[in-house]
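Here's the structure, in structure tokens; my notes come after.
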Amino acid sequence: MPGPAAAHHVQPATPASYDGLKKTVSVDQFLAAEAVGGTVTADGLTAMLINALTKDGRFVVVERAGGLASMQSE
């Protein structure tokens, strides 16, 4: 049995292939009010979410000009 100092390599989870219908989603821009890194953090979170949804294979991510405000007016 390995001791506590033994290195454990964790494989990242890879999504199983998906052949069903895909949901279409739109991701609005995150807003961050913190003084340090606000816009950079918000942009990074938005990109991470879009990347994760796209890699999942169950979603089609669309971009809407104007964001959520334009969708609400429709």
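The values are calculated or read from the model by the stated rules, or taken from the named source; none is laboratory data. Given the structure is predicted, the values throughout are model-derived calculations rather than measurements. Cβ coordinates were reconstructed from backbone atoms using ideal geometry, including for glycine residues, and neighbour counts include every protein chain displayed.
Quick check: anything in segment 46-56 assigned to a loop (DSSP other than H, G, I, E, B), charged (D, E, K, R) and either over 18 Å from the mean Cα position of the chain (by Cα) or modelled with pLDDT of 75 or more (or both)?
No; the residues of segment 46-56 include none that is assigned to a loop (DSSP other than H, G, I, E, B), charged (D, E, K, R) and either over 18 Å from the mean Cα position of the chain (by Cα) or modelled with pLDDT of 75 or more (or both).
One residue stands out in segment 57-74 among those that are closer than 30 Å to Asp19 by Cβ and part of a loop (DSSP other than H, G, I, E, B): the one that is modelled with the lowest pLDDT, namely Arg64.
Given the structure, is Gly20 in a loop (DSSP other than H, G, I, E, B) and modelled with pLDDT of 80 or more? In short, yes.
Residue pairs whose Cβ atoms lie under 9 Å apart, sitting 6 or more positions apart in sequence or on different chains, and linking a residue in segment 19-46 that is under 23 Å from Arg58 (Cβ atoms) to a partner that is modelled with pLDDT of 90 or more and aromatic (Phe, Trp, Tyr), are Lys22/Phe59; Lys23/Phe59; Thr24/Phe59; Val25/Phe59.
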